[in-house]
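Student: Below is one structure. I have some questions about it.
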């Protein structure tokens, strides 16, 4: 059952005077595996191990040189971030993300270092897609991604290539219905009094 609570200050601070919140929430919290990780984790293992094996082989050779490890350091650091670090960055980003649906717009407040406010007018929303898991949790996407489903969460700069979304929220079907109802109400001709 869909429950709504008082929106957090991160949302109320960006609302216009008289703007009413219909729903507010946050994405699922904590570390999370996604479908793209089936590709990203093996790729990160390859990315990290190939230069490291090459450097260790060169170091163990007859003219062993510790400096052979130096060129591999950036590759290993990027590989470790892909293997481990990005999961923690993704969790931190989701922890600092708040969503709201008002009578006029979709509001997404996020950002690790600085606050970013993304606002979408309900009247101009052309595409609203929903994906739901058996648990009732899911994602509502507003538009299309430049990379399709390849955008890697937790990778710096990828948020700009993803469409706005209410990601991994509970009771996604009920929230999607609220979005459709609010969209219809926003697009309805106003009554003259």
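Each reported figure results from applying straightforward, stated rules to the coordinates on display, with no laboratory input. Only a predicted model underlies this, so the values are computations on that prediction, with no experimental measurement involved. Cβ: placed from backbone, ideal geometry, glycine included. Neighbour counts: every protein chain shown.
Student: If each residue of separation counts as 0.36 nm, what is the full-extension length gain between residue 28 and residue 41 once their alpha-carbon separation is subtracted?
Tutor: 2.6 nm
Student: Helix 37-60 versus the longest principal axis of the chain: what angle, 0 to 90°, nearest 10, using Cα atoms?
Tutor: The angle comes out at about 20 degrees.
Student: Label-point separation (nm) for residue 173 and residue 13, each offset 7 Å from Cα along Cα-to-Cβ?
Tutor: Going from the residue 173 label point to the residue 13 one covers 3.7 nm.
Student: Let me ask you something else. Please give the Cα centre distance for the range 94-140 versus the range 1-63, rounded to the nearest Å.
Tutor: Here the two parts' Cα centres lie 16 Å apart.
Student: Going highest first, how would you order 132-144, 169-181 by mean Cβ packing within 10 Å?
Tutor: Descending mean neighbour count gives 169-181, 132-144.
Student: Give me log10 I(q)/I(0) at q = 0.15, 0.17, 0.18, 0.19 Å⁻¹ for the chain, Debye formula, one equal scatterer per alpha-carbon, no solvent.
Tutor: Reported log10 I(q)/I(0), two decimals: -0.93, -1.12, -1.23, -1.33.
Student: Separate question: Fully extended, how many nm does the chain gain between residue 127 and residue 185 (0.36 nm per residue separation, minus their Cα-Cα distance)?
Tutor: Gain on stretching residue 127 to residue 185: 19.2 nm.
Student: Testing the spin-label approximation: label points 7 Å from Cα along Cα→Cβ at residue 57 and residue 96. State their distance in nm.
Tutor: 4.2
Student: Using Cα springs under 10 Å in a Gaussian network model of the chain, which residue among 59, 168, 130 shows the largest mean-square fluctuation?
Tutor: The residue that fluctuates most here is 59.
Student: Which of rounded, prolate or oblate describes the range 37-90 when judged by the alpha-carbon gyration tensor and an a/c cut-off of 1.5?
Tutor: prolate
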